[in-house]
Amino acid sequence: MLESAIPEVNQWLVKNGFVRDTTKTQCFSYLGSLKCNHIDVPIEISFVELSFKELPEIYLLDPRPASLCRPLPHVEHTNKLCYLDAETYRVDPYNPVQTFVNLLGQARQVLVDSLSGKNTNDVGYEFSAYWGCSLRGITLSKHQSGDFIRYNFIKYFNLAGKEQNLIVIGNDDEILKYINHKNAELTFSKNKNAIWISLSTTALLPYRGLWPPKHFNDFYSWLEEVDSNAAKTLHKKLGTKDGTQNRLLIILETKGGLVGVDVKIPAEEFIQNSGRFRKQLLLDKGKSRIMLNRVVIDDLSPKFITSRNIVDKNLVSKNIVLIGCGTIGGYLSRLLVQAGAGQGNGQLTLYDSQSLSSGNIGRHYLDENYLYENKAEACVHKLQGEFHSLKINFFPREFLSMNDARNADIVIDATGREPFSLSLNELFVECHNKNERCPDILYVWIDGNGYCGRTLYYNGKDSGCYRCLQDLSGKDKFPPLKSENDLIPMTYQCGESYVPYPPSVSVQAAAIGLERVLEWANGNIVHHFSNRKFHKKAREHKDQSLTVTSGCPACQK
Ligand SMILES: [Zn+2]
């Protein structure tokens, strides 16, 4: 049905002055122009089919009108016009002509905004798309403008066995850790110097000159034009001993990502005197065989990985103790790390005395490779293999006393074992009663045969303790199931007790654990008790404060 619309679209395009380019056989290509503020802008529009899964591509054609003869916002170095966000656009494939009217209207708007200068600042937020790079790099940490840091090229094999080359930026220690982590080889025996320059402007395209810059003189002239302060900082650093090198990376931090130039100076051209070196570099237009490779750099700093998805406060620089690395704790340990635990000045500490058995693997973060290994140690090992820079440690034993939580800001009990949680509750209640420094505690567990997940937060104030989940006689205040008959009765079993439920239950319980920890980090835990129903047999309970049980044998003695 969609294909049958092609004659209709063809007719509309022709009526609007477009001519089919029949030399292109792989796609439908039309040449024509868009009228923008009385100026005809020549364009090519091409598409393969009309489902609009992919947007029709629009390219600016040469010669451009004089007022658009410069690098333009939303025009890539291939002349392709980015007229809609590829992730979020909406179209109606059942009305293809109207869709074309809308899409071309959008493209026209982008060009009109370019003519008026309205979208000049957009460039700063997507700058790496305009840089037209030949090399890729990653940075392991972020730095201040004017800082000297280090870089090297690394070589490794990807999963398809193909050799990959990558620039790695960081301090010497970070680079060494990263190549070990990645099982990669360094290209230079000694790391080289890099200069970190931050740009404050977002209007980053030049009004004149070659784009993108090919020689050092083009590069420096462009930098001077768009951000003279950044150029001054670079000028100063190039005139120092550390900046006088035959191989040098200049990193530019923009609001739309990191780019850079890798500068290679032939040995015979290399000058020891810093002043003369700088002068020669700044004047170079390609005659001295100085090579300039443009680089797009991805941010692999823990800060970026964590803060990109969490707008509010994250868990960076928090001291977190996680007790229990079982089916909940294992998944939770990874979620905590993704939210910033083990980064900055903080530390993540795991406790578990058990080792991984074959029966655990079907619903555990740990996999077959960790069979018979201690669960806490294995989680640390696996996390360190997944994230390059973590402050995380473990104790392959039970959590014994408040000494084990001495520096913690929060303790998370993910053991899901009621007797253990009750004894832990004793320690925390006692600590509060003595007015000693006491971390907050969050209990996360699965209840009612795996039909619901629950959390309880306790900070010694305002609400009940873990034992206050029951009344004096030991009856649950929040029965997990609608009918008690659905509860699987206790059995006599040697070794680990076991209730069958799928990994989805563990993952959801870990997820509500993380939700509460993030609320805690932001100081806005409103409801101390929360309950999530995973099954129709589970009972609904609102999130609420936990009232203290009058005469609670734990907190009211
Ligand atoms: Zn209590």
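For (1) buried (at least 17 other Cβ atoms within 10 Å of the Cβ); (2) modelled with pLDDT of 95 or more; (3) not small (G, A, S), each residue gets a yes or a no:
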{"site": "T349", "(1), (2), (3)": "yes, yes, yes"}
{"site": "S353", "(1), (2), (3)": "no, yes, no"}
{"site": "A376", "(1), (2), (3)": "yes, yes, no"}
{"site": "F395", "(1), (2), (3)": "yes, yes, yes"}
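Determine if the stretch 91-100 includes at least one residue that is surrounded by fewer than 16 Cβ atoms within 10 Å (Cβ to Cβ), modelled with pLDDT under 90 and among the acidic types (D, E).
Yes, because at least one residue in the stretch 91-100 is surrounded by fewer than 16 Cβ atoms within 10 Å (Cβ to Cβ), modelled with pLDDT under 90 and among the acidic types (D, E).
Can you find, within the stretch 312-336, the residue that is nearest to P500 (Cα to Cα) among those that are of a type in the set (A, V, I, L, M) and surrounded by 24 or more Cβ atoms within 10 Å (Cβ to Cβ)?
So the first thing to find is which residues in the stretch 312-336 are of a type in the set (A, V, I, L, M), and the list is 315-316, 320-323, 328, 332, 335-336.
Checking which are surrounded by 24 or more Cβ atoms within 10 Å (Cβ to Cβ) leaves us with 315, 320, 322-323, 328, 332, 336.
Details: L315: 32, I320: 30, L322: 24, I323: 22, I328: 14, L332: 20, L336: 26 Å.
Once the filter is applied, the top-ranked residue is I328.
Which residues, taken from the stretch 524-557, are within 16 Å of the ligand (Cβ to nearest atom) and under 32 Å from the mean Cα position of the chain (by Cα)?
H528, F529
Conditions (1) touching a residue at least 60 places away in the same chain (Cβ under 8 Å); (2) of a type in the set (S, T, Y); (3) surrounded by 13 or more Cβ atoms within 10 Å (Cβ to Cβ); (4) assigned to a loop (DSSP other than H, G, I, E, B), marked per residue:
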residue	(1), (2), (3), (4)
V263	no, no, yes, no
Q272	no, no, no, yes
F277	no, no, yes, no
L292	yes, no, yes, no
D298	yes, no, yes, no
K303	yes, no, yes, no
T306	no, yes, yes, no
N309	no, no, no, yes
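Quick check on this structure: which one of G146, G124 is more than 27 Å from G385 (Cβ to Cβ), in contact (Cβ under 8 Å) with a residue 24 or more places away in the chain and touching a helix residue (DSSP H, G or I) at 6+ places or on another chain (Cβ under 8 Å)?
Details: G124 fails: touching a helix residue (DSSP H, G or I) at 6+ places or on another chain (Cβ under 8 Å).
When all the criteria are applied, what remains is G146.
Answer yes or no as to whether C468 is more than 28 Å from the chain's Cα centre (by Cα), under 30 Å from E540 (Cα atoms), within 15 Å of the ligand (Cβ to nearest atom) and crowded, with 23+ Cβ neighbours inside 10 Å. Steps first, answer last, please.
Values: more than 28 Å from the chain's Cα centre (by Cα): yes; under 30 Å from E540 (Cα atoms): yes; within 15 Å of the ligand (Cβ to nearest atom): yes; crowded, with 23+ Cβ neighbours inside 10 Å: yes.
For C468, the condition - more than 28 Å from the chain's Cα centre (by Cα), under 30 Å from E540 (Cα atoms), within 15 Å of the ligand (Cβ to nearest atom) and crowded, with 23+ Cβ neighbours inside 10 Å - is met.
Within the stretch 422-458, can you find the residues that are assigned to a helix (DSSP H, G or I), touching a Leu at 6+ places or on another chain (Cβ under 9 Å) and among the polar types (S, T, N, Q)?
If the condition is that a residue be assigned to a helix (DSSP H, G or I), touching a Leu at 6+ places or on another chain (Cβ under 9 Å) and among the polar types (S, T, N, Q), then N449 is the only one that fits.
Can you find a residue in the stretch 413-420 that is within 21 Å of W520 (Cβ to Cβ), at pLDDT 95 or above, within 16 Å of the ligand (Cβ to nearest atom) and part of a loop (DSSP other than H, G, I, E, B)?
No, the stretch 413-420 has no match at all.
Restricting attention to the stretch 347-365, does a residue exist that is outside the structural domain of P212 (by TED's automatic domain parsing), within 30 Å of V499 (Cβ to Cβ) and of a type in the set (D, E, K, R)?
Our first condition is that a residue be outside the structural domain of P212 (by TED's automatic domain parsing); within the stretch 347-365, this holds for 347-365.
Right, trim to within 30 Å of V499 (Cβ to Cβ) and you get 348-365.
Applying the additional criterion that residues be of a type in the set (D, E, K, R) yields 352, 363.
Within the stretch 347-365 (the criterion being outside the structural domain of P212 (by TED's automatic domain parsing), within 30 Å of V499 (Cβ to Cβ) and of a type in the set (D, E, K, R)), the answer is yes, since at least one residue qualifies.
Please list, ordered by first then second residue, the pairs with beta carbon atoms under 7 Å, 6 or more apart or interchain, first in the stretch 229-241 and farther than 14 Å from Q144 by Cβ, second surrounded by fewer than 19 Cβ atoms within 10 Å (Cβ to Cβ).
A231/E224; G239/S274; G239/G275; T240/S274; K241/S274
The values are calculated or read from the model by the stated rules, or taken from the named source; none is laboratory data. Computed from a predicted structure; not experimentally measured. For neighbour counting, all protein chains shown are included, and Cβ atoms are generated from backbone atoms with ideal geometry for every residue, glycine included.
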